[in-house]
Every structure is written in structure tokens, then in C-alpha cells.
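> Can you keep this structure in mind? I'll have questions shortly.
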Amino acid sequence: AAHYWTETHPEIALEDDIHKLLATHEALADCILNDPEARDSLSQSLLDELPALRLKADKAIGLLAAIVDSSDDAIVSKTLDGVITSWNAGAEQLFGYTASEAVGRHISLIIPLNRRDEERVIIERIKRGERIEHFDTIRMRKDKTPLDISLTISPIRDASGKIVGASKIARDISQ
């Protein structure tokens with residue numbers, strides 16, 4: 001449907017998400033780009049449904065973002081190299097760093113020197129697709145005070161299913 005739309009309206013380019021989808025799914029791309037029947041009434045009905053589907057997806061993404069942002073738990077994502085890619089308000093409260101201070105830096109920012117081997121083990125397990133639940137450890141706040149936390153770590157996958165990072169949920173268990 002997107003191909004049909006861009007063919008009939010050459011001033012519009014395919015969106016990045018469509019390019020990624022077609023690059024990831026060769027059979028789908030072949031079907032869409034080479035099927036002479038792609039301009040039938042079914043394609044038009046799909047085109048008619050796209051705005052509503054996009055709105056529904058945007059609402060779901062917005063709801064998920066609101067849940068993450070309002071969580072008291074720290075929710076952090078990072079690349080497989082350990083670079084922080086997201087940092088919610090709960091992480092700001094727990095660790096003392098703002099999102100702008102943390103995002104783009106290495107996760108070792110909050111890991112005590114004597115616990116750095118834990119990160120290597122965690123990443124190896126994540127690369128194998130494992131989820132780690134209730135891993136109790138110690139991390140450091142910005143003011144260098146130690147913090148007892150429980151971590152749940154999950155792999156993050158791209159559209160093709162390849163593991164590209166990890167998400168961590170951290171809860172203060174000091175009390």
C-alpha cells in the first residue's frame with residue numbers, strides 16, 4: 001500500500017519505518033514492489049485503513065511511554081556495548097543523574113569498580129537471549145553512595161529479531 005501511495009504521489013517518499021520493514025522482510029518487499037495486482041481495491045482499502053492503524057499504534061506507544069515515565073522503578077536501556085540509550089524519571093530519582101547526564105554515557109557510570117565483572121556476565125547472557133530476573137546487586141548513586149538494588153534485565157530486539165541492547169528495571173531494596 002505504501003509503495004502504491006508513493007507511486008501515485010511521487011512527491012511523497014517512503015517513510016524510514018517502511019524502508020526498514022521492506023529491508024528486513026525480502027519476501028514482503030518482493031510481493032509489494034513486484035505484484036501487478038497491488039493496485040486493486042484491496043490495496044485501496046488497506047490505504048484507507050493506514051491512518052487509523054497509525055493513530056492506534058501512536059496511542060499504544062504513547063501509553064507505553066507514559067507508563068515507563070511514571071514508574072517509580074528505574075527503567076534504563078543500553079546498547080550491547082553498554083551505552084545508555086534511555087533513562088526514565090525513576091532512574092533519575094534512584095541514581096541521582098538526570099537523563100541528559102546519563103544518556104550517551106556508559107552504564108559503568110553507576111557500577112562500582114568491584115562489580116564491573118557483573119556487567120560483562122549480564123551482557124553475555126543477554127546476547128544469548130536470556131532474561132535475568134531479580135538479580136540483587138549494588139550500584140552507585142551520583143553522590144557515590146552505594147545502593148542495594150534488584151535488577152530485571154531483558155534483551156531488546158530489532159525488527160528482524162536481532163538482539164541490539166538490553167533493558168533494565170532497577171528497584172531499590174535497601175530497606
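> Which is touching a Cys at 6+ places or on another chain (Cβ under 9 Å) and either among the aromatic types (F, W, Y) or at pLDDT below 95 (or both), of A52, A38?
So the residue among A52, A38 that is touching a Cys at 6+ places or on another chain (Cβ under 9 Å) and either among the aromatic types (F, W, Y) or at pLDDT below 95 (or both) is A38.
> Could you give every pair whose Cβ atoms fall below 8 Å, whose first residue belongs to the stretch 136-158 and is within 12 Å of R115 (Cα to Cα), and whose second residue is among the aromatic types (F, W, Y), counting only separations of at least 6 or pairs across chains?
Pairs that qualify, where the first residue is within 12 Å of R115 (Cα to Cα) and the partner is among the aromatic types (F, W, Y), are R139/F95; M140/F95.
> Which residue, of D136, D148, is closer than 18 Å to G96 by Cβ and either at pLDDT 95 or above or of a type in the set (F, W, Y) (or both)?
Testing whether each residue is closer than 18 Å to G96 by Cβ and either at pLDDT 95 or above or of a type in the set (F, W, Y) (or both) leaves just D148.
> Show me the strands (runs of 3 or more DSSP E) entirely contained within the stretch 53-143 in which 3 or more residues are open to solvent by 50 Å² or more (accessible area, probe 1.4 Å) and closer than 15 Å to D172 by Cα.
By residue number, 132-140.
> Follow-up question, since we're still on this one. Can you name the condition, by its number, that K78 falls short on among (1) at pLDDT below 95; (2) out of contact with any Pro (no Cβ under 9 Å at 6 or more places or on another chain)?
Only one criterion is unmet by K78, namely (1).
> Of everything in the stretch 151-175 that's more than 19 Å from I110 (Cα to Cα) and touching a His at 6+ places or on another chain (Cβ under 9 Å), which residue is modelled with the highest pLDDT?
Filtering the stretch 151-175 for residues that are more than 19 Å from I110 (Cα to Cα) and touching a His at 6+ places or on another chain (Cβ under 9 Å), the one modelled with the highest pLDDT comes out as S160.
> Let me ask something additional. Report yes if A102 is under 30 Å from K127 (Cβ atoms), within 18 Å of the chain's Cα centre (by Cα) and at pLDDT 75 or above, otherwise no.
yes
> If we keep just the residues of the stretch 144-157 that are of a type outside the set (S, T, Y) and either open to solvent by less than 40 Å² (accessible area, probe 1.4 Å) or under 13 Å from I169 (Cβ atoms) (or both), which is nearest to the chain's Cα centre (by Cα)?
Selected residue: I156.
> For the stretch 128-147, which residues satisfy the criterion of being out of contact with any strand residue (DSSP E or B) (no Cβ under 6 Å at 6 or more places or on another chain) and of a type in the set (D, E, K, R)?
R128, E130, K142, D143, K144
The values are calculated or read from the model by the stated rules, or taken from the named source; none is laboratory data. Note that the coordinates shown come from a computational prediction; the quantities given were computed from them, not determined experimentally. All Cβ positions, glycine included, derive from the backbone under ideal geometry; neighbour counts span all protein chains shown. Accessible surface areas use protein heavy atoms only, side chains included; no ligands, DNA or RNA. Shrake-Rupley method; radii C 1.70, N 1.55, O 1.52, S 1.80 Å.
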